[in-house]
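In what follows, a structure is listed as structure tokens, so that the remarks can point back to it.
Just so you know, all these numbers are worked out from the coordinates, no wet-lab data involved. In this text, all values refer to a predicted model and were calculated from it rather than measured experimentally. Every residue, glycine among them, receives a Cβ derived from its backbone with ideal geometry; neighbour counts consider all protein chains shown.
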Ligand code: ATP
């Protein structure tokens with residue numbers, strides 16, 4: 001069946017590969033301008049959305065049942081049976097009921113966490129450029145249908161199985177299908193290589209474009225693609241276990257072993273030392289085990305992480321896996337791009353420089369309400385002039401469309417902001433871009449890449465000569481130019497010209513402006529390149545002997561929120577290293593302006609970087625440094641050297657070539673708006689607003705989530721000591737002191753009253769000053785010494801003393817020591833109930849105390865976390881029910897408390913809370929931190 005299906009699908013692909021484009025268009029009923037919207041809608045209904053559905057291999061029932069088969073659950077099932085057989089029917093049923101409730105609760109947590117993670121996936125739609133109704137437009141990838149004509153370029157994921165219509169230098173990484181990581185070349189003519197997926201003119205869904213551009217016709221979408229077929233057949237991916245989960249699993253396992261060892265010891269002591277009946281001893285030991293196993297730890301932590309990632313998503317940072325939350329909190333260095341991340345990506349050309357003079361360009365943003373002026377006079381570029389030449393390059397060497405909003409709203413840019421600024425410049429000069437493109441059709445292009453920092457197009461001029469137009473970084477342009485356009489004359493480019501141009505560039509770059517240089521080459525009859533077919537023009541042959549035309553200078557202001565974000569990083573001891581493709585002077589000017597570095601910072605260019613040894617680079621990245629005119633490939637080395645210095649590195653990126661650095665970094669951050677699919681795929685976090693400030697918010701949230709997990713852990717470990725203390729007293733006194741807390745009461749605290757306030761701690765807001773501390777050391781553990789000391793020492797012992805004292809006090813009121821300590825009946829029930837009540841009220845104090853580590857709880861607002869108060873309210877109602885409901889009294893061995901006993905319970909949290917506030921105040925004083933009350 002499988003192989004038949006495979007054959008049918010593959011044959012369809014093969015047929016599409018062999019069919020001519022014209023026939024294919026007929027077959028798909030595809031007009032030249034692309035499908036109409038109504039036809040696309042019909043096909044969408046017919047073929048379904050273009051998505052790959054995950055095949056679930058585990059039924060929901062199985063996932064649900066797994067919550068009832070953990071070690072602790074099995075222990076409880078067995079104990080329930082033993083209790084029933086030993087004649088303690090009600091206890092047995094109660095243990096089972098508690099087990100059921102606990103399992104359902106963790107399933108709910110698991111489900112909620114999954115829902116939170118799934119909802120994140122929907123927040124980042126992918127888009128594809130298609131031709132519909134004769135226009136180029138961007139649609140969501142899910143809307144793509146068979147017969148759609150779409151465009152792809154380097155960095156895109158191929159959205160469907162498609163037949164290439166035309167292409168330029170297209171290379172595709174098909175490793176997701178074939179496992180072969182070397183990119184394969186694709187073109188628009190049929191040729192079949194070896195094996196599957198080898199048709200040269202077919203691109204496959206799920207693969208990625210590493211180079212070049214193409215137009216293609218979708219022949220299969222969604223589950224009908226080859227990728228969909230494989231997804232349907234293969235097992236779903238194995239679950240990845242993250243370090244934090246591993247640490248928690250390890251912790252749970254350790255505590256479980258301790259619990260079991262303690263349980264066995266208690267069991268043996270009860271049987272042989274106290275001579276307690278066998279079955280009762282077992283149930284007694286079970287109490288100990290339950291008290292110490294941190295059941296529910298993992299699902300609660302997962303839920304709390306998932307909720308943390310949702311909060312981050314609201315602040316424009318999408319995390320792809322929960323583990324990154326932890327790493328974010330440890331980040332010590334951020335390697336950040338400049339353009340669009342630190343700046344607004346809102347390019348406006350302000351000046352044009354040509355040999356014949358300077359021009360000023362008025363108006364800002366992507367609206368055509370300005371003019372090109374020289375000496376205060378409006379000018380338009382005449383075709384024969386140098387300005388006309390520069391404008392022609394800006395217009396024709398351009399892949400971007402700008403759709404201005406007639407109502408003054410934000411313009412829609414299909415392409416890059418740099419090119420959009422050039423489109424606007426052409427419009428300001430009164431050029432009709434559509435007409436220009438029709439008159440001078442593009443014959444070939446050598447696309448921009450951030451390595452060589454140039455983009456070249458070849459068009460036909462009026463006389464039929466091929467015209468090579470190039471734009472790019474000044475340094476790259478000067479390397480390929482040997483002539484210069486001086487007014488309307490071409491003359492050799494002299495050393496003096498170069499010096500002058502560099503001087504002009506420096507003058508504008510110091511103001512933080514980005515310069516772009518323009519050049520051309522007319523391949524006339526006597527040009528040796530004339531002998532080469534245009535299709536065979538390469539970077540080496542076409543990008544040389546160019547005529548330098550001039551420069552444009554564009555502004556791209558810093559994002560307004562960046563200043564505060566940079567300050568926050570400094571306070572939090574997080575260093576920022578700017579790594580940009582832009583020029584050194586522009587980069588430094590911006591870095592100093594927004595406070596990343598002082599003007600003493602060292603600027604290292606890509607060329608210098610190549611000359612530096614690893615040792616030199618490692619030393620350099622420790623200081624104030626900016627990397628400019630670097631290629632994305634350099635980023636990998638910079639990130640690696642920082643890591644070798646012991647730093648935890650977050651690095652941003654958007655292009656195909658950024659992928660290795662994004663993968664290498666501890667936190668790879670891709671740009672959600674301008675980033676390529678490849679970068680998004682390689683990253684751990686995606687910024688939905690491309691904004692550096694969102695990284696800082698995410699780091700703050702990461703630190704908060706981690707510290708909340710510690711608060712939560714402290715809280716649930718806290719009740720272990722007071723729960724164990726009564727059993728120890730019982731054993732030490734050889735049963736002379738009857739158990740001050742019964743097994744069912746231990747279960748009540750552990751699996752009942754404790755759960756809700758604990759959940760509240762998981763969503764606590766950031767503690768003031770969380771960004772005033774240095775990053776958490778890498779080797780730190782969730783369960784650190786301070787938590788152990790607080791849970792098992794300070795808080796734990798205090799609660800034990802209070803609850804035990806309450807137990808003896810109630811006995812005293814009832815006549816002890818004149819009569820022996822009660823071991824049955826109402827007096828015993830009253831005594832154990834007060835022990836239970838005291839533990840619960842100590843936990844109420846703990847819930848409050850755990851909310852902050854050193855800040856005063858008042859500084860975050862005593863009532864600001866409603867979930868904790870709700871938890872506390874439910875907790876009190878629950879134990880009141882246990883005390884007064886006869887049926888529950890029976891099972892839980894509880895009794896009613898009188899008014900003064902209730903007053904006593906309500907008084908417990910107050911001194912505990914105030915004492916802890918005092919301790920925190922003292923710690924703040926000692927550490928010299930400002931009191932935030
Ligand atoms: P960052 O690396 O901080 O994002 P950037 O956008 O300047 O900054 P790149 O995209 O690598 O970095 O661009 C490097 C240089 O290449 C730019 O400074 C510019 O001079 C030139 N450049 C950018 N876009 C184009 C383009 N579409 N065509 C030609 N040259 C370009």
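The order of the peptides 669-682, 455-468, 621-634, 40-53 by mean Cβ neighbours within 10 Å, most packed first, is 669-682, 621-634, 455-468, 40-53.
Helix 720-732 axis versus longest C-alpha principal axis of the chain: approximately 30°, rounded to the nearest ten. Highest mean packing comes first when the peptides 181-192, 440-451, 404-415 are listed by Cβ atoms within 10 Å, giving 440-451, 181-192, 404-415. When you count the other C-beta atoms within 10 angstrom of each residue and take the mean per peptide, 13-22, 333-342, 501-510 line up highest first as 333-342, 501-510, 13-22. Computed over the chain, the per-residue total of -39500 (n - 2.57) for DSSP H runs of n ≥ 4 gives a 222 nm mean residue ellipticity of -14500 deg cm²/dmol, rounded to 500. Taking the DSSP beta bridges with both ends in the chain, the antiparallel portion is around 75 percent.
Taking 0.36 nm per residue of separation and subtracting the Cα-Cα distance, what length does fully extending residue 812 through residue 544 add? Please report the intermediate quantities before stating the final value.
Details: separation 268, 0.36 × 268 = 96.48 nm, distance 10.09 nm.
In short, 86.4 nm is gained.
Rg and Dmax of the chain, based on Cα coordinates, read 35.2, 122 Å.
Cα gyration tensor of segment 411-466, axes a ≥ b ≥ c as square roots of the eigenvalues: rounded (a/c below 1.5), prolate (a/b > b/c) or oblate?
Values: a/c = 2.36, a/b = 1.09, b/c = 2.16.
Oblate shape, in that a/c is at least 1.5 and b/c is the bigger or equal ratio.
Against the main long axis of the alpha-carbon atoms of the chain, helix 495-509 sits at an angle near 40°.
Counting only alpha carbon atoms, the long axis of helix 909-927 and the longest principal axis of the chain meet at about 50°.
Once you have a ≥ b ≥ c as the square roots of the Cα gyration tensor eigenvalues for segment 718-927, tell me rounded if a/c is under 1.5, and otherwise prolate or oblate according to whether a/b is larger than b/c. Prolate shape, in that a/c is at least 1.5 and a/b is the bigger ratio. What the pair-distance distribution of segment 677-830 shows, using all Cα-Cα distances binned every 10 Å from zero, is 9, 26, 24, 17, 12, 7, 4, 1, 0 percent.
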